[in-house]
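Asker: Supplied in structure tokens, the structure appears directly below.
The values are calculated or read from the model by the stated rules, or taken from the named source; none is laboratory data. As the structure is a prediction and not an experimental result, all values here were calculated from the model. When we count neighbours, we look across all protein chains shown, and the Cβ atoms used for this are built from the backbone with ideal geometry, even at glycine.
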Amino acid sequence: MRDEKLFNQISESVSPMPVFDTHEHLMHEEERRQNSLDVFYLFSHYVASDLGSSGMTESDYNRLFDQSIDISKRWEIFFPHFENVKNTSYTKIVLESIKDLFGIEELNENTYIELSKKLEDTKKINWYDKVLNEKSNIRHMLNFIENMPGINNQEPQARKDMVAVKNFEDIICICCMEDIFRLEQKYSVSIYSLKDYLSLIDRVFEESADTGYKVLKIVIAYFRTINFEETSLYDAEIVFSRIFKLKDYGFFERVDFLSKDELKPLQDFLVHYIIQKAIAREWPVQIHTGLLNGNRGDVSNTNPCFLNNLFLKYRNCRFDIFHAGFPYSQELITIAKQFANVYFDFCWIQQVSFDLYRDILNLAIETIPSNKIFAFGGDNFIVECTYGSIKKAKEIISGLLYRKVSEGYFSFEDAVKLAEKILYSNPAAVYTVK
């Protein structure tokens, strides 16, 4: 039988705790105000992959956001697929957010119009302040919007609670002369050699630091393996020079390019180079591992064990390894237990599966030193889902800690201290914010 007094004491201690959110993709609020915000906006991120997996066609999905189609017709397209994904944690987060933020107990044919109107009304107030600060008690957030599709203004946001995250994938993942031309135009430079290219990276680091970036994020797992082998400057130069020998530069829509396998030595060299630059500036390095958003991703590329050589070589780098490595969570737990410079980050996992989040967190608590665990990152484009995610994460943490106290694993005081560390103090210390 559950000890209600103890359970409530733990829940009431955890619920109001401040949060350090290690990962979001929130566009500028002014840009959000310029978008059409109806019910389907709430299903435009993670639930979209479940809708696709359930059988919804891409054309039908795109029609949900076609404002020239009456909303009732779009609901008719949406509803049968909605019924198929109501069971997933992705959808549960959306529904929890709708209930708490808009007072709508159930999303159905009688409430979707009301919800759409209430979403539009959020444009009239400082909605981010209300959701992120008042409702979620997020004190600091690492916001990654650079090179993200669907976000127009990718400059750092002028919010005291947000820290900008830098990304170099557009520079690392070149494959043809069109990419070189694009970067020359973007940065007003001439690139003739790898030396020129490295000078550009140096310049971008310097300018990024001046404009507020303080963290490096590597998301190349979406495109290739995260096995970044040691590569010499000579071998990298050979690959780089081969790009300049390609014949077609985009004339008549023909572009010659190097394959992923051909490019790997150059990309590996560049990843090592930007990590070294991040270390010189004392920037922590975030790396995507595990599950890939969307459909048809190759998760075999994302095993955190591929990163072992980086952890060994760059001992002065603070590596924040994302998404609990899932489905390679036990591997990442083993790595985080062994390496002082590797931190275990649960961002996104509370949305993937509630039970998965609880079970991995339980294993991490029993295995990894407590200062190495980061319990929350929403990883959302949709601010309402950030609220739903932190609420659910705190509920799961409270339930797990109640169990650990009941079993005698923790005292009440130690359980509460642990919750505060994994929700706020641990990432705050690594990212050196106050």
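Asker: So which residues in the range 376-434 are modelled with pLDDT under 95 and basic (Lys, Arg)?
Answerer: Within the range 376-434, the subset modelled with pLDDT under 95 is 432-434.
Result: Lys434, single match.
Asker: Please find, within the range 217-238, the residue that is surrounded by the fewest Cβ atoms within 10 Å (Cβ to Cβ) out of those that are of a type in the set (Val, Ile, Thr) and over 14 Å from Leu198 (Cβ atoms).
Answerer: Filtering the range 217-238 down to residues of a type in the set (Val, Ile, Thr) leaves 218-220, 225-226, 231, 238.
In the following step, the residues that additionally are over 14 Å from Leu198 (Cβ atoms) were identified as 218-220, 225-226, 238.
Working: Ile218: 24, Val219: 19, Ile220: 21, Thr225: 17, Ile226: 20, Ile238: 13.
Of everything passing the filter in the range 217-238, Ile238 is surrounded by the fewest Cβ atoms within 10 Å (Cβ to Cβ).
Asker: Restricting to the range 351-368, give me the number of residues that are among the aliphatic types (A, V, I, L, M) and not in a helix (DSSP H, G or I).
Answerer: The initial filter retains those residues of the range 351-368 that are among the aliphatic types (A, V, I, L, M), namely 352, 356, 360-361, 363-365, 368.
Next, from what is left, pick out any that are not in a helix (DSSP H, G or I): 368.
Qualifying residue count for the region: 1.
Asker: Could you tell me how many of the residues in the range 170-179 are modelled with pLDDT under 95 and not in a loop (DSSP other than H, G, I, E, B)?
Answerer: Residues flagged as modelled with pLDDT under 95 and not in a loop (DSSP other than H, G, I, E, B) within the range 170-179 amount to 4.
Condition check ((1) free of Cβ contacts under 8 Å to residues at least 60 places away in the same chain; (2) within 20 Å of Glu169 (Cβ to Cβ)) across all residues:
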| position | (1), (2) |
| --- | --- |
| Lys264 | yes, yes |
| Leu291 | no, yes |
| Gly294 | no, yes |
| Ala324 | yes, no |
| Ile333 | yes, no |
| Tyr343 | no, no |
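Asker: Being without any contact (Cβ under 8 Å) to a residue 24 or more places away in the chain and within 21 Å of Phe144 (Cβ to Cβ), is that true of even one residue in the range 35-45?
Answerer: Residues of the range 35-45 without any contact (Cβ under 8 Å) to a residue 24 or more places away in the chain: 35.
Among the residues that remain, those that are also within 21 Å of Phe144 (Cβ to Cβ) are: 35.
Yes; the residues of the range 35-45 include at least one that is without any contact (Cβ under 8 Å) to a residue 24 or more places away in the chain and within 21 Å of Phe144 (Cβ to Cβ).
Asker: Looking at (1) closer than 25 Å to Val163 by Cβ; (2) touching an Asp or Glu at 6+ places or on another chain (Cβ under 9 Å), can you tell me which one Leu307 breaks?
Answerer: All conditions are met except number (2).
Asker: Which one is farthest from Ser389 (Cα to Cα) among residues in the range 121-150 that are of a type outside the set (S, T, N, Q) and exposed (fewer than 13 other Cβ atoms within 10 Å of the Cβ)? Reasoning before the result, please.
Answerer: Taking the range 121-150 and keeping what is of a type outside the set (S, T, N, Q), we get 121, 123-125, 127-132, 134-135, 138-142, 144-146, 148-150.
Remaining after also requiring exposed (fewer than 13 other Cβ atoms within 10 Å of the Cβ): 121, 124-125, 134, 149-150.
Working: Asp121: 22, Lys124: 24, Ile125: 22, Glu134: 15, Pro149: 22, Gly150: 21 Å.
If we take residues in the range 121-150 being of a type outside the set (S, T, N, Q) and exposed (fewer than 13 other Cβ atoms within 10 Å of the Cβ), then Lys124 is farthest from Ser389 (Cα to Cα).
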